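Below is one structure; the comments refer to it alone.
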Protein chains: 6
Amino acid sequence: MRILLINPNISQSVSDLIDTEAKLTASAETQIQTVTAPFGVAYIETRFEAMIGAYAAAQLAGDHAGEYDALVVAAFGDPGMEGLKEVLPCPVVGLTQAALASACLLGNKISIVAISRRIKAWYAETVASYGLTERLVSIRSLEEPLPNIGSVQQDKAASLLTAANLCVSDDGADVIILAGAPLAGLARSLAGQLPVPVVDGVSSAVRHAETLVRLNAGQTRTGSFAPPPLKPNAGLPQSIATLLANGHQRL
Amino acid sequence: MRILLINPNISQSVSDLIDTEAKLTASAETQIQTVTAPFGVAYIETRFEAMIGAYAAAQLAGDHAGEYDALVVAAFGDPGMEGLKEVLPCPVVGLTQAALASACLLGNKISIVAISRRIKAWYAETVASYGLTERLVSIRSLEEPLPNIGSVQQDKAASLLTAANLCVSDDGADVIILAGAPLAGLARSLAGQLPVPVVDGVSSAVRHAETLVRLNAGQTRTGSFAPPPLKPNAGLPQSIATLLANGHQRL
Amino acid sequence: MRILLINPNISQSVSDLIDTEAKLTASAETQIQTVTAPFGVAYIETRFEAMIGAYAAAQLAGDHAGEYDALVVAAFGDPGMEGLKEVLPCPVVGLTQAALASACLLGNKISIVAISRRIKAWYAETVASYGLTERLVSIRSLEEPLPNIGSVQQDKAASLLTAANLCVSDDGADVIILAGAPLAGLARSLAGQLPVPVVDGVSSAVRHAETLVRLNAGQTRTGSFAPPPLKPNAGLPQSIATLLANGHQRL
Amino acid sequence: MRILLINPNISQSVSDLIDTEAKLTASAETQIQTVTAPFGVAYIETRFEAMIGAYAAAQLAGDHAGEYDALVVAAFGDPGMEGLKEVLPCPVVGLTQAALASACLLGNKISIVAISRRIKAWYAETVASYGLTERLVSIRSLEEPLPNIGSVQQDKAASLLTAANLCVSDDGADVIILAGAPLAGLARSLAGQLPVPVVDGVSSAVRHAETLVRLNAGQTRTGSFAPPPLKPNAGLPQSIATLLANGHQRL
Amino acid sequence: MRILLINPNISQSVSDLIDTEAKLTASAETQIQTVTAPFGVAYIETRFEAMIGAYAAAQLAGDHAGEYDALVVAAFGDPGMEGLKEVLPCPVVGLTQAALASACLLGNKISIVAISRRIKAWYAETVASYGLTERLVSIRSLEEPLPNIGSVQQDKAASLLTAANLCVSDDGADVIILAGAPLAGLARSLAGQLPVPVVDGVSSAVRHAETLVRLNAGQTRTGSFAPPPLKPNAGLPQSIATLLANGHQRL
Amino acid sequence: MRILLINPNISQSVSDLIDTEAKLTASAETQIQTVTAPFGVAYIETRFEAMIGAYAAAQLAGDHAGEYDALVVAAFGDPGMEGLKEVLPCPVVGLTQAALASACLLGNKISIVAISRRIKAWYAETVASYGLTERLVSIRSLEEPLPNIGSVQQDKAASLLTAANLCVSDDGADVIILAGAPLAGLARSLAGQLPVPVVDGVSSAVRHAETLVRLNAGQTRTGSFAPPPLKPNAGLPQSIATLLANGHQRL
């Protein structure tokens, strides 16, 4: 089984974190490939940046068409994930969606610990779009600027742990999600240091992608995740035109 | 006052409908400019197509930076609108958002009449993202293929009227929104033929954009619609890089 | 275009604030008339007082029947507004409804700054009745008694600004509504002093009333805002009996 | 214990139905008094009519101040009930509120059978204002005009029974509320003819009013149901001025 | 009228509190019988303990089949109450359900004061299962261990009063529920010491049970509270087998 | 890895279906053990039956304590699952919870196809308890009696397929859950016959249980899923007393 993880941002250091955690988690028979956006921003905190990341994710998905059995959009907020589900013939998973699925299986009330204050509104909107606001008791975040996105786990370890503990003691969380691809693997380090389960997005996404491939639940031929209906298009990058054309063939 | 209307699709015929309705509605002192996406699809029905339209809208917004006092994303589903609010120093309005604002002022329960069955899920998600699901009693749509997107108002007049009447009689709608830029101006033609008020997205958006400019409520300097925080970017089209750079200057 | 603004309270000083702000905002061709309730309380903070204000608003609407193209119920909480929509053949707008429409166009999360602690429950119920609780992040208020309702803007300027800033910093508001007709015009004074847009109810109501008249969306002949069905009545004030009779004629 | 039932409409025939059912239900030691609005409409179907009924209910409550240990607003939709809770020192119960309390104790999913199509929107808004929309599975109604409001139970018996059965078979109701004071006592007649419990508003209100008096849970001195804060008023009917003055004395 | 109150826990001291309050509240013609679980835990704070209590409640209901006209599950969280409604031919009321019904009749926003921090999640889930989360503004609790469950009212009087006052001043509660059978009767002692009404679960349950018997609303023969469909069972305690068999006879 | 699947009903034929599907799905290194309730009913359709099943599941979990690394409550409605999460030191998964997690990863709007009309209310309440009502568009079911619970897949194949197709065409489902342990494995047979993905509860539960063991997210030491606080108990079956005692040791 081949899983492609797309980092929709330009930070190679974050792609490396993603790739490492994915390979630690994946089953022996799974091949992991991690790719980095050729254009975009260092990391996504806002709706405008997510819009850019979604477009980059789509181009990478098209560039690598045929090379994967499942796709992971390896950023929280899941930029482009829902659109890609329409055009691709295989499972597509985003980090937020995957982490929420794990968290929902582990407890009732969920908190998210995030890497910046600004990112909180966008995460809250993502959770709401999945209909899970009722499960979310808080989003807490780092408050200081991030000098180096690739080493935020190390640089801010104490602040992240403090935030997670407050989610439990003050907000009533049953489970903590450590959110943001730059935190990939941190749950593994924190194991046993928190009084409730801690969920990692990358490892959740890889495991759930494997599960969906195994369940082999069937493709979408009608309904809201079917390929977009046939219609004229123009001026699109080859990668995106290919995704549309492949989708049209499945109709 | 200058309002730029962006058609995030490639259909010039739809841009013409938008432009005509906008000019009929605008105050005498308002200048209307309507532009068409240089790349994309004929019309947006799905999340993947909306993702493309959002990126096209952003590029047009950047290409015309400085030429407008308010921006209208002239497609239902409002592709890219929320992201553009972050980077632009002026009001940004989408057709769905604008039509819903009008409808909320006219009655309690709202129905949407749309141009295709496939488009309904995406519209429902848009309404949900604005927290207005409780106000929405139904989305009804045409069921047949659309041979010519520019003349759907004429080609499908009877079906659209039937759908609107069912929204009132069967679903309990107090107000009808005719959704889809290809229906721009239809509310004007149907005036008096329906037993409840009928709302047009383009004219609502133009009027509300004028209102927001006049109210002069102040710019966003902090919070979730402030410009994206300063961070590295790479490989972006000039238009989008400009929007980010302009935003950073306002921080 | 003629807009009648009804102050459903007995405070002439508040009517003067309303009238001034309305005239500053209205388009050149709009005529503004502001009238004051002949009976009632100094200002509305509770459900019982709102019930009185609603009845006063209805009497004024009937007394002036035929003199306006749109009606504004110029109190927050919108006493009587929904009932008046049923009997009047023209747009009817309330301050809360209008301010929320503006705020929804300017951001996602909304806070309200109000003039007394007691008023908060009633405002929260009003927002809930419009299905917008999900958009509301907080209602903050002055805590001290109001010696002079007509000069609360000046007397409590610093407290109001503090409350508004806390809505942004602590509650995550994208937009602030300054609520209560006694605050009419304050948004204009505060322009630029807050880091997010600030919305005024009176100016929003006047502009939206103008928009609804222009959109000419059609009257309600069936459904929940149609005129009340014909049935016996007795003992009503002439003004209210007239509104019912006029409504019956439209059936 | 003395319970005053206020019919906020002018129909003496409906007051008679209310009075009969109330006396059949009340405990032996309870005294029932039923009064009829001196002004208003024959029965309430709309928001505007409810606004009139609320004002009439308040006047009757003031006229009879001191004569009752609990007050029942004996119309569905509970016009004026929440405001009266603020000014009165005793329990105040409305028919919808009371019927819902009974229904919530008897099952999960509730349907309402109403006397006219037009009344449905107003009832739905009342249920929503109590936060119970999630419990409500349907409102079904008679569709034909009502020639005689006092004999609707007899005239439309078959249609009402059919509607109630459809609530069970098609909508999944666990309990049926027969709504509208003109249906007072019908649940008693239908006993055993429906496959689920059937709730009457008048008998529920009388019993719950007795319970609240017995529980003697304490008066409201602060919070949203405390008496309205002291402030100037003018031009009010003596009955309403008295309620405000009595409230102020309790502050 | 005979009401059986089931304490689904093993604490006789709590049963005594329940029995005393029930007898103080009940009408003269009502006979009160209180029974204690023969197996289980001292008091219920968690979902697992509630599962045990539900099974004990069912056994007691079966053991005493035929001895009561209404049943009260006399623990907050209402363990087993909904299932018992299916099998019993008479009203079944739980303390939380009953207290909420009283509170909903007394005000809009409700707070719960509970006896331990751990119990809060379970109570919140119970309120949510009744669709009343929107009415609940807070659950506050004692934070210290409870040395003697039968004397918690006396031992923690000051802490309980402080918590209740904070519900009003900080959370905006219109009504307070004192939750937990060990607090039975405390509302009676606190009468007049709190600025809003205070609701007791046991007295509410007894009164509402009497009301339901009097309303005689009819049995459930179809729908979700009808007796379980006939099917094989095996190995059940006689008491539970009897309840199933009695239910089957009513089908 | 050892997974124990508990059938909380007495039907060995259903346990066989569960066991077969579990073994087809599990990873090579996973050991599957399936056990059947020694007491209870043939299959669970109601809240009362679920209460019995929960108690049986708890006894089986205690009887086999120490023999598994993850537990699956192998019935839809997940009887006892949430309570078992409190007392067990390992992941506990229910079929409904697991199927919903899979479905949420595959699409937005979900339908459930169930084996009896009566079961629908209980399933709807289960989905609501997980906060996922917004995702659920319909529950459709077989309407006829089930002569043989072990062969319902074969006996009712056509009806089940029809129901599933209506979920897609009429209700807008993106994904179908085939609900009820008696349908274990049916998704595998229907693969490719439906136009949207189809989810099986048993295979989802086994895969998600494996994932949770692998993620090793950490145990719950505080919060709402921590072991029940230490307190006296009496009269419990040894299996349940053991679970409580084991939990207390982890505090």
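The values are calculated or read from the model by the stated rules, or taken from the named source; none is laboratory data. Remember, it's a predicted structure, so these values are computed and weren't measured experimentally. Every residue, glycine as well, gets a Cβ built from its backbone with ideal geometry; the counts of neighbours run over all protein chains shown. Surface accessibility is based on the protein's heavy atoms, side chains included, excluding ligands, DNA and RNA. Shrake-Rupley method; radii C 1.70, N 1.55, O 1.52, S 1.80 Å.
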Practice task
Would you kindly find the accessible area of E:C104, with a 1.4 Å probe and non-protein molecules such as ligands, DNA and RNA excluded, rounding to the nearest 10 Å²?
Solution key: 20
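Counting pairs of alpha carbon atoms under 8 Å apart in space and at least six apart in sequence, what relative contact order in percent does the stretch D:46-135 give? Don't skip to the end; give the middle numbers.
On the way: 79 pairs, mean separation 23.8, N = 90.
Answer for the stretch D:46-135 is 26 percent.
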Problem - Other-copy label distances relative to D:T20, 7 angstrom Cα-Cβ extension, nm - result: 4.7, 6.2, 6.5, 6.5, 8.4
Problem - Nearest-first distances (nm) between copies at C:R188, label 7 Å from Cα via Cβ - result: 3.3, 6.2, 6.3, 6.3, 7.5
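Taking each residue of C:48-59 in turn, how many C-beta atoms of other protein chains fall within 10 Å of its C-beta, and what is the average?
If you average over the peptide's residues, the count of other-chain Cβ atoms is 6.
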Practice task
Can you work out the accessible area per residue across the protein assembly as shown, with the rest of the protein chains kept in place, probe 1.4 Å, in square angstrom?
Solution key: 30
Problem - Protein heavy-atom accessible area occluded, D/E pair - total, 1.4 Å probe, Å² - result: 3800
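With a 1.4 Å probe and all protein chains left in place, how much of the accessible area of the protein assembly as shown comes from carbon and sulfur atoms, in whole percent? Intermediate results must be reported in sequence, preceding the final value.
Details: 23590 of 45240 Å².
In the protein assembly as shown, the share of accessible area belonging to carbon and sulfur is 52 percent.
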Exercise for the section: Would you mind giving the mean number of other chain beta-carbons within 10 Å of the Cβ of each residue in A:234-240, as a whole number? Expected result: 4
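So if R0 is 51 Å, what FRET efficiency would E:T20 and B:T133 give, r being the distance between their Cβ atoms, rounded to the nearest 0.05?
Numbers: r = 48 Å, r/R0 = 0.95.
For R0 = 51 Å, the calculated efficiency reads 0.60.
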Fill in the blank from the handout: So the compactness index of the stretch C:96-200, its C-alpha Rg divided by 2.2 N^0.38 Å, takes the value 0.96
Problem - Ranked order, F:R221, A:R207, E:R118, E:R140 - accessible area, probe 1.4 Å, largest first - result: F:R221, E:R140, E:R118, A:R207
Problem - Inter-copy label distances at D:P145 (7 Å, Cα→Cβ; nm, one decimal) - result: 5.1, 5.1, 5.7, 7.6, 7.7
Exercise for the section: Measure out, as a whole number of angstrom, how far apart the alpha-carbon centroids of the stretch E:101-120 and the stretch D:1-32 sit. Expected result: 32
Exercise for the section: Quote the relative contact order of the stretch A:1-156 in percent (integer), defining contacts as alpha-carbon pairs under 8 Å separated by 6+ residues. Expected result: 22
Handout entry: Cα-based reach from D:K109 at 19 Å (exclusive), listing lysines while leaving out same-chain residues under 8 positions away
Key = D:K120, E:K85, F:K120
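Cβ neighbours within 10 Å, averaged per peptide: list B:174-187, D:3-16 in order, most packed at the top.
B:174-187, D:3-16
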Exercise for the section: Ignoring everything but the protein chains, give the 1.4 Å probe accessible area of D:S129 in square angstrom, nearest 10. Expected result: 70
Completion exercise
The correct ranking of E:D170, F:D78, C:D19 by accessible area at 1.4 Å, largest first, is E:D170, C:D19, F:D78
Exercise for the section: Take the rotation relating chain D to chain A, measure from its axis to every Cβ in chain D, and name the nearest residue with the distance in whole Å. Expected result: D:E134, 6
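Listed highest first by mean packing, meaning other Cβ atoms within 10 Å per residue, what order do D:49-61, C:144-156 come in? Don't skip to the end; give the middle numbers.
On the way: D:49-61: 27.2, C:144-156: 15.2.
Per-residue mean Cβ counts within 10 Å order the peptides as D:49-61, C:144-156.
Nearest-5 percent of antiparallel DSSP beta bridges in the protein assembly as shown? Before the final figure, lay out the partial values.
Numbers: 12 of 162 bridges.
Here the antiparallel bridges make up roughly 5 percent for the protein assembly as shown.
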Practice task
Sort out for me the Cα centre separation of the stretch E:210-232 from the stretch D:185-251, rounded to whole Å.
Solution key: 30
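All other residues with a Cβ under 12 Å from the Cβ of C:P89 taken together, and with Lys, Arg as +1 and Asp, Glu as -1, what is their net charge? Working shown, then result.
Numbers: positive: C:K85, C:R221, C:R250; negative: C:D69, C:E86.
Here the count lands on +1.
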Completion exercise
Expected field for E:R117, accessible surface area in Å² at 1.4 Å probe radius, rounded to 10, holds 120
